[in-house]
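Q: I am attaching a structure below and will ask some questions about it afterwards.
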Amino acid sequence: MEYKELIKLAIEASKNSYSPYSNFAVGACVLTSNGNVYKGCNFENSSFGLTICAERNAVGSAITAGEKEIKAIAIYSPNSQYCAPCGACRQVLYEFKSKEGLDVITTGDNGLEIIPLEDLLPRGFNL
Ligand code: THU
């Protein structure tokens, strides 16, 4: 799976975003070590703190399908270029990074950007 394709799937997912409060749509798609892909979008709630980010929704779909290792995640927002994951999502991704690491892929006018998760979250939390 090419990262360009993964971004396309994140764009598709962003179209299902439920974000009437922020009007900030996000889509994500994870690629697992098994070569499977799982999409997620953000969905909000009138009780604002219950909002779920697109990235964690995509990770949840992967885990529900029995996956444990994520190689890459593509993230897209029509509202912002190079939309990067929030701090909470970085730690959730850290839990499931593959042995080779985890690439975070964003996009904007200058094409794709690929950032290793360890650059976004140095010294993530481990028990
Ligand atoms: N959001 C995400 O889906 N992912 C992020 O990494 C940051 C924020 C969502 C949550 C909320 O629905 C909207 O973007 C504005 O914060």
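Q: Where nothing but the Cβ of Lys and Arg (+1) and of Asp and Glu (-1) is charged, how large is the charge dipole of region 3-118 around its Cα centre, in debye to the nearest 20?
A: On the way: 10 positive and 12 negative charges, 33 e Å.
The dipole of region 3-118 has a size of about 160 debye.
Q: Distance from the Cα centre of region 40-60 to that of region 1-29, in angstrom?
A: 12 Å
Q: Within 10 Å of each residue's Cβ, count the other Cβ atoms and sort Val104, Val30 from fewest upward.
A: Details: Val104 23, Val30 29.
Arranged by neighbour count, lowest to highest, Val104, Val30 become Val104, Val30.
Q: Ok, one more. Ignoring the sites themselves, what is the longest stretch of the chain with no GluC sites (Glu not before Pro) in a DSSP loop and at most 11 other beta-carbon atoms within 10 Å?
A: 3-99
Q: Which residue, Cys89, Leu117, Asn79, has the largest displacement toward the positive end of the dipole of region 78-127 when charges sit on each Cβ (Lys, Arg +1; Asp, Glu -1)?
A: Cys89
Q: Also, quick follow-up: Which order results if Tyr94, Tyr82, Tyr38 are arranged by neighbouring Cβ count within 10 Å, fewest first? Provide the component values of the computation, followed by the final result.
A: On the way: Tyr94 18, Tyr82 15, Tyr38 23.
Least to most surrounded, the residues fall as Tyr82, Tyr94, Tyr38.
Q: For region 3-118: lysine pairs with Cα atoms under 22 Å, gap of 8 or more or different chains, count?
A: Final tally of qualifying lysine pairs is 16.
Q: Provide the descending list of Cα extents for the chain along its principal axes, expressed in whole angstroms.
A: Projected onto its principal axes, the Cα set of the chain covers 38, 36, 28 Å.
Q: Neighbour counts of other C-beta atoms within 10 Å: give me Cys29, Cys41, Cys86 arranged from fewest to most.
A: Values: Cys29 30, Cys41 23, Cys86 13.
So the ranking, lowest neighbour count to highest, is Cys86, Cys41, Cys29.
Bear in mind that the values in this text are calculations on the coordinates, not laboratory data. Fair warning: this is a prediction, and the values are worked out from it, not measured in the lab. All Cβ positions, glycine included, derive from the backbone under ideal geometry; neighbour counts span all protein chains shown.
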